[in-house]
Structure formats: structure tokens, C-alpha cells
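The structure appears right after this line, and notes come after that.
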Amino acid sequence: MRTISVYRPGKAFPSVSVTGTRCELMCEHCRGRFLEGMAPVDGPEALFSLAHELAAKGGNGLLLSGGCDVQGRVPLLPYIDAIREIKRTTPLLINLHPGLVSEEEARELARSDADRFSFDLVLDQRLVSEGMHLSPSSLNHTDSFLALCRAAPGRVAPHVLLGAGDEEREMEAVRTACGQDIACLVLLSLIGRKVDDWEGRLLRAVEEGRRLQRPVLIGCMRPRGRPDVEMAALEAGAAGLANPAKGTMTAINERGWAVQERAVCCALHW
């Protein structure tokens, strides 16, 4: 029997921002709005306290992210020792979203003992410059991704955003991601702007990831209210998805598939 992984992070797995609502890039597909719903922390001690309060309430873990600086980095390095101590003293799972990194920074982040490293893999240079406002002097996405894979093999969850740029560059990102020792591939779809054939782009990316024998997850950033698309992605080989529609759950049950639900980010798939 096939088993579908369903992820519902909710209060048991909050998203935490080390910059509050601040971001120096203000990418066109986000403009900082995704930071608004995140819990802010203003230093390692605040993160440590938040984590222990979460663990005491029976929480499962957290996503640690934030806004980027002008070089595309999320300033997580000051939190490494606190993360190590949280991992040592609690059962919490931790997913880090560091943005662009150097080789040395990737090794430092891996030293945190975080369970997962979510990385946005973008290979469309026009999107990088015009949509993400990164300068040519910024760290390279491919180099950053490979540095993380070398530093934390099997713990990186590349995310590919579909619909913001050229589809062939998206598919190239899928192939690049699946060529490494990754935990899973997370596919996101642009929201807030019309994308021609976004459903087809999603299904083609799912099929390519499965062809390359990597677990493919449909992430939480996507147009909602389309159980038909969610089911088509599962039929195409996706291993699971975050926050499925009620109609999707009904269809899964009608097919007789088993469901494994976890209150964590889908990047923590294993």
C-alpha cells in the first residue's frame, strides 16, 4: 500500500525570524510578507528560551530563518552555539534557512547539528538580479548549495520556486538538486501573480524529480483550493505535501492510500 506523507507544522513547529520583519532584499515574490507571520527573536538567548518553552509545551521543533542582507545571507551564524545547545537539551527538530553561504559558513552551520538545511536553489540569473535584487558580486546559488551539501550531506532540502522565472532554468535547478545527496526536493509555486500553466509546470517538475529518484514534496507556498492539482502531483509521484486541501485528503482515502501525518516542515521528510 502506498503511504502519503502529510505535513502540518502549525503551533507545534513555528517559524522563527532572527531579523523580525526586516529584509534588505525584498524579493519581488515575497516583499517581506512571509516574515510577518514569524515569531521574532533578537538574539541567541531569546532563541534558547523560546525553544525550551516550545519543548515544555510538547512542540516538535522550529524553522529558523529571517530576512536576507544585501548579499543574500540570513544572519544565522551568531545562533550556532545556541542551536547546538537546544539540540543537546531538547528533542526538538530544527530546520535552518540560511540563504547564500560561503564554504566556511556552510561548515559552521553544519556544526550547529541542525536536522535540516532548507535552501532556495535559483538558477535563473534574470530572476536573481531583477526579482531577488541580488548584485552580480553576491555569492552564487549553485556554489552555496553545493557547499551545504558537502558540509551536511543528506541534511539539505533544496527548494525550487516554480513560476517566478524561466521554466527551463527551474528544471535545471531540479536536476542540479537531485544530482546531490539531498534529504528531499521541495517544490513551491509562485502565488499572488498569474502564471501560465502553473499546474503543468508543477507536474513536470514532480515527474523530473521522481525520474531522478529523489523524494519530492509539495511545499506550503502554492495556490490553494486546488485538490485536483494536489492529487495530480501525488499521482505523478510526489511523496507528500504540506497542508493539503480537505478534498485531497478525501481523494487519498478513496484510493486506499495510507497517510502519515507529522506536525513539522515537509523539508524534514525522511
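Laboratory data are not the source of any read-out in this text; all were calculated from the coordinates shown. Here the structure is a predicted model, which is why all the values come from computation and not from measurement. Note that we place each Cβ from the backbone using ideal geometry, even for glycine, and neighbour counts take in every protein chain shown.
Structure data summary
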quantity	calculated
Strands (runs of 3 or more DSSP E) contained in the stretch 208-270 and holding at least 1 residues under 14 Å from residue 8 (Cβ atoms) and among the β-branched types (Val, Ile, Thr)	216-218, 258-262
Helices (runs of 4 or more DSSP H) lying entirely in the stretch 11-129 (those with 2 or more residues that are under 21 Å from residue 262 (Cβ atoms), of a type outside the set (Phe, Trp, Tyr) and in contact (Cβ under 8 Å) with a residue 40 or more places away in the chain)	44-56
Residue within the stretch 67-85 that is over 22 Å from residue 24 (Cβ atoms) and under 17 Å from the mean Cα position of the chain (by Cα) present	no
Residue that is surrounded by the fewest Cβ atoms within 10 Å (Cβ to Cβ), among those in the stretch 1-19 that are polar (S, T, N, Q) and closer than 15 Å to residue 217 by Cα	3
Filtered residue count, the stretch 246-270, keeping only those that are under 26 Å from residue 171 (Cβ atoms) and small (Gly, Ala, Ser)	1
Odd one out for residue 89 among (1) in contact with a strand residue (DSSP E or B) (Cβ under 7 Å, 6 or more places away or on another chain); (2) more than 15 Å from residue 9 (Cβ to Cβ)	(1)
Qualifying positions in the stretch 177-203 - outside any loop (DSSP other than H, G, I, E, B) and either closer than 16 Å to residue 6 by Cα or in contact with a helix residue (DSSP H, G or I) (Cβ under 7 Å, 6 or more places away or on another chain) (or both)	178, 185, 186, 187, 188, 189, 199, 201, 202, 203
Subset of the stretch 149-172 (residues that are more than 14 Å from the chain's Cα centre (by Cα) and either part of a loop (DSSP other than H, G, I, E, B) or closer than 23 Å to residue 265 by Cβ (or both))	149, 150, 151, 152, 153, 154, 163, 164, 165, 166, 170
Boolean, residue 216 is buried (at least 21 other Cβ atoms within 10 Å of the Cβ), more than 11 Å from residue 162 (Cβ to Cβ), in contact with a helix residue (DSSP H, G or I) (Cβ under 9 Å, 6 or more places away or on another chain) and in contact (Cβ under 8 Å) with a residue 12 or more places away in the chain	yes
